Every structure is written in structure tokens, then in C-alpha cells.
Amino acid sequence: MKKALCISLIIGLVVSYGFTTIQSADNCDKKGLSDACKKKLEEYKYDSQKYSKINFTDRNVQMEVEVPVFIGEKYRLVFNTSSLPKSVVISVYTKDKEAAKRTPIYTTKDAAAGTTEFVFDAPRVRNMYIDYDVPKDDANSKASGCVIFMVGYK
């Protein structure tokens, strides 16, 4: 019994180490992206941040992240997409993607080409959901990158 437990533990460690190495092999400078976002928070107090790895595939993909907020606080969201090889549309909603009749309260859809940093001062809301609309990779180049957003409150 002890031998089987030891073997399964060793296999688990080897597998987890392998995946950790694969995940950290991307070309995203997390610290650099975080520092750039933090500068844009200005008079807001840092609350949290979320780093998301984006893999471009042969189909359109939508990723959603929920942002926990407190009622009555003012929030600023800062996005940095400079480590993405392609543009990804970012939209902020007050309802999740399963809800009917949701409309974005912010979107980067009409942003100028080449813009990689976005600042959004959110109205007072109960919930925020961030959607990343990842376009398909027509060249089938297996491209990947990352996006980071930082939340500040006042």
C-alpha cells in the first residue's frame, strides 16, 4: 500500500512539474504588465488583478471572468493586452453570459487599432463580468499570449 502511494505521489509531482513548465514558457512578462497597469490606477487603491493566458485556435472563443465587487464602491479596471499577438475584444457586463438581455457597460470593440491599454471607470454596480472575445486563428499558427487586468477602488 505504501509503495503504491509513493509511486502515485511521484507520478503526480512529475506531471504537475511538467505542466508548470509548459505554462510558464509563454512570452508574457507578468511583472511588466502589472507595473504598467498599476500606473494607470492613479488615485484608486489596488484591489486585485487577474492574469489570463489566451490560446488562439481554429474557432472563435469567448472567455468570461467574474469580478467580485462591493456595493457602493467606485471601481477602475485597467486592461493590458500588449502581450497578445492579435486583438481581442474585451467587454464588461453586469450579467453573466448565461443571462438574457445583457448589454455591455464597456467594450474595446471600437478602440483605435494598436491600442493595448484600456482604462474603464465602472459605474456603481452589483456584479461585473469581463468577456474576452478571442478571434479564430486563420493561419493555424498556434499563437498565444496573455492579458492582465487590474482592479482598483475608491
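Which whole-percent values make up P(r) of the stretch 28-153 when all C-alpha to C-alpha distances are grouped in 5 Å steps starting at zero?
Percent of pairs per bin, in order: 2, 10, 22, 23, 21, 13, 6, 2, 0, 0.
Of Lys45/Lys142; Lys30/Lys136; Lys39/Lys142, which pairs sit farther than 30 Å apart, going by alpha carbon to alpha carbon?
Correct reply: Lys45/Lys142; Lys39/Lys142.
Give the relative contact order (percent, whole number) for the stretch 28-153; include only Cα pairs under 8 Å separated by 6+ residues.
Reported as a whole number, the value is 47 percent.
Among residues other than Ile148 whose Cβ falls under 12 Å from its Cβ, what is the net charge (Lys/Arg +1, Asp/Glu -1)?
So the environment of Ile148 carries a net charge of +3.
Distance from a point 7 Å along Cα→Cβ of Lys31 to each backbone N in the stretch 132-154: keep the residues under 12 Å and list them by number.
none
Run the simple label-point estimate for Asn60 and Lys74 please: 7 Å along Cα→C-beta, distance reported in nm.
3.6
How much length is gained if the chain between Val125 and Lys86 is pulled fully straight, taking 0.36 nm per residue apart and subtracting their Cα-Cα distance, in nm to one decimal?
11.0 nm
Could you compute the net charge surrounding Asp96? Neighbours are other residues with a C-beta less than 10 Å from the C-beta of Asp96; K and R count +1, D and E count -1.
-1
Each reported figure results from applying straightforward, stated rules to the coordinates on display, with no laboratory input. Note that the structure is a prediction, hence the values are computed from the model and not measured. Cβ: placed from backbone, ideal geometry, glycine included. Neighbour counts: every protein chain shown.
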